[in-house]
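So the structure is just underneath, and the comments pick up after that.
We did not get these values from a lab; they are worked out from the coordinates using the rules stated. Since this is a predicted model, take the numbers as computed values, not measurements. Cβ coordinates were reconstructed from backbone atoms using ideal geometry, including for glycine residues, and neighbour counts include every protein chain displayed.
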Amino acid sequence: MTQAYLEDYSAFAANGGTGAPAWLTPLRRQAIDRFGALGFPTTKNEDWHYTSVAPIAERVFRPAPARAPAVTRAELAPFLFDRPDWTRLVFVNGRPAPALSHAGTPTAGLRVENLAAALAADPSFIERHLSQVAAFDQQTFTALNTAFVSDGALVVIPADAALDSPIHLIWTSSADDLTVSHPRTLVIVGPRARATIIESYIGLRDSSYFTNAVTEVQLGDGATLRHCKLQRESPRAYHVGSIEVRQGRDSHYESFSFATGAVLSRTNIATVLGGEGCGATLNGLYMLDGEQHGDHQTRIEHAQPNTFSRELYKGILDGSSHGVFNGKVYVHPVAQKTDGKQTNNTLLLSERARIDTKPQLEIFADDVKCTHGATVGRLDEVALFYMKSRGISAPRARQLLTYAFAADVLERIEEPAVREGLEAMVLARFTKERSAVGGQRSEPGITDR
């Protein structure tokens, strides 16, 4: 309920907002006022037409207690892709967990730290960057996150740096039902730098909690960021995550979104191609089963000439699940020579599963090359017949064809450990074999029909 969050904010602010600098107080106040004015979106809102947030709005989620059950290294290990040596920042119930984190190899100028520490040590730096990309004037959940921002992750990649291994940010919950966290991640990539960042949202308990995450990314001129968001929350959890990106000249933003968890999830990814010659590549895979509802919204804004974008999202839906994809490519009048391509392909494995897909182009320039399209279908009966004629059972043929559909987009992940780990997890899901690669725990599989 909106009123419950307003009351929680009053208590939060009265307690000093965890000792934040003076400039943060008015920002939080503006955000909570905007949240109160907007309220939770309804299906009358065009951007939320196919997704009802009533299950979130009708519950009262409270911050997890400080003494919530601890998370062990053994519990975390299956999600590390067998690479515990990567720089890693772990948060449990929205709070940093130093014992589970790992500093990695030192790099001059590289900063990977929790946001609260940075606010205390370098408040003016955070003031210059926080909430500069992720606006909350029309975004309810971003406003709510900003109102309660107190901790999160700060990643600063210095100019000309080329990181050899990824930075892994992990958010998990160990609390009981009806708890909420508002993770905030601030990523600043200096000019000509190259880096890979992985954001993992994982559930270790079968509890009903709410994760409301916001990530802001600023890419300097000539920078390249490979950014993976992996959403594997508890099957009873709720997840709303927003990623906002602003790109400089000749920069490249590569995004991969992977979603299999939560009973209700929404992932928003938006980037502004704000410099000539820059590009964006947005790929994703979502796999839903049972009563899951998964919504993906993307927006690529071509704001300068000679920019490019590529987008491929695939969905696999089983049971009574409901998938939503809404991808928008917006081309400003000045953005001549834009080259954009957007595709959404969905595979339905059940008569009850459904997808609402709406790829969109809004073009206000005349010298562009843009295409978009969507397909929705079932497994290829010809391919099934061929495999069965070669002695493969019907259930196994369906499983392997489903895996092949997913593998096509997984192959686009540049980081080998992540690609191989997710491929092994997906193969295990569709062939009922446990995977050691990536250490993924078992997830709902595809039934033999």
- If you take the C-alpha gyration tensor of region 344-413, multiply each eigenvalue by 5 and take the square root, what semi-axes do you get, largest first, in whole Å? 33, 15, 11
- Item | Placed amide H near Thr87: partners under 5 Å, 5+ positions off or other chain | Thr105, His168
- Task: Go ahead and estimate [θ] at 222 nm for the chain from helices alone: -39,500 (n - 2.57) per DSSP H run with n ≥ 4, summed, over the residue count, rounded to 500.
- Result: -6500 deg cm²/dmol
- Message: Using amide H atoms built in the peptide plane, which far-off residues or other-chain residues are under 5 Å from Lys328 H to H?
- Response: Thr298, Arg299, Ile300, Gln360
- Residue-count net charge about Phe258 - beta-carbon cut-off 9 Å; Lys, Arg +1, Asp, Glu -1: +2
- Item | Column: log10 I(q)/I(0), Debye, Cα scatterers of region 1-148, q = 0.09, 0.13 Å⁻¹ | -0.39, -0.80
- Message: Can you tell me the mean projection area, over all orientations, of the convex hull of region 87-240's alpha carbons? Units nm², please.
- Response: 9.0
- Task: List the pair-distance distribution P(r) of region 46-96, using every Cα-Cα distance, as the percent of pairs falling in each 5 Å bin from 0 up to the bin containing the longest distance, rounded to whole percents.
- Result: 4, 12, 17, 14, 12, 13, 14, 11, 2
- Query: Hey, what do the phi angles of region 22-31 turn into as Karplus ³J(HN,Hα) couplings, whole Hz, using 6.51/-1.76/1.60 and θ = phi - 60°, x for Gly and Pro?
  - Reply: 4, 5, 6, 4, x, 5, 4, 4, 4, 5
- Query: Say we join alpha carbon atoms closer than 10 Å with springs in a Gaussian network model of the chain; which of Met425, Met387, Met287 then has the biggest fluctuation?
  - Reply: Met387
- Message: Largest first, please: the extent of the C-alpha atoms of region 337-385 along each principal axis, to the nearest Å.
- Response: 45, 23, 8
- Once Rh for region 189-315 is found with the Kirkwood sum over Cα pairs, what is the Stokes-Einstein diffusion coefficient at 4 °C and 1.567 mPa s, in µm²/s? 87
- Task: Based on the mean of other Cβ atoms within 10 Å per residue, sort peptides 163-170, 348-355, 89-96 so the most packed one is first.
- Result: 89-96, 163-170, 348-355
- Task: Give the distance, in whole Å, between the Cα centre of region 325-378 and the Cα centre of region 129-152.
- Result: 27
- Query: What residue among Leu347, Leu154, Leu379 has the largest mean-square fluctuation in a Gaussian network model of the chain, using Cα springs under 10 Å?
  - Reply: Leu379
- Query: Once the other residues with Cβ under 11 Å from the Cβ of Pro63 are scored (Lys, Arg +1; Asp, Glu -1), what is the net sum?
  - Reply: +1
- Do the alpha carbons of any pairs in Lys229/Lys337; Lys341/Lys388; Lys358/Lys388; Lys314/Lys388; Lys44/Lys337 sit beyond 28 Å of each other, and which pairs? Lys229/Lys337; Lys341/Lys388; Lys358/Lys388; Lys44/Lys337
- Message: I want to verify a result. In a Gaussian network model of the chain, Cα cutoff 10 Å, which of these has the top mean-square fluctuation: Val426, Val331, Val156?
- Response: Val156
- Task: Determine, at each q value in 0.11 (inverse angstroms), the log₁₀ of I(q)/I(0) that the Debye formula gives when each Cα of the chain is one equal point scatterer.
- Result: -0.86
- region 201-211 - phi-based ³J(HN,Hα) in whole Hz, Karplus 6.51/-1.76/1.60, Gly and Pro as x: 10, 10, x, 9, 10, 7, 10, 9, 10, 10, 10
- Note on the structure: The correct pair for region 145-212, radius of gyration to one decimal and Dmax as a whole number, both in Å and from Cα atoms, is 14.9, 45
- Message: Compute the orientation-averaged projected area for region 288-394 from the convex hull of its Cα atoms and round it to one decimal in nm².
- Response: 8.0
- Contour minus end-to-end for His129 and Ala74, with contour as 0.36 nm per residue of separation and end-to-end as the Cα-Cα distance? 16.2 nm
- Item | Cα shape, region 90-134, gyration tensor, a/c 1.5 rule | oblate
- Take every DSSP beta bridge with both residues inside the chain and express the antiparallel ones as a percent of the total, to the nearest 5. 5
- Task: Determine the sum of side-chain charges near Arg34: Lys and Arg each +1, Asp and Glu each -1, restricted to other residues whose C-beta is under 13 angstrom from that of Arg34.
- Result: 0
- Query: Running Debye on region 69-166 with equal point scatterers at the Cα sites and no solvent, what base-10 log of I(q)/I(0) appears at q = 0.10, 0.15, 0.16, 0.21 Å⁻¹?
  - Reply: -0.35, -0.77, -0.86, -1.20
- Task: Taking H placed 1.01 Å from N in the peptide plane, check which residues at least 5 places from Gln336 or on another chain put their amide H under 5 Å from its amide H.
- Result: Asn306
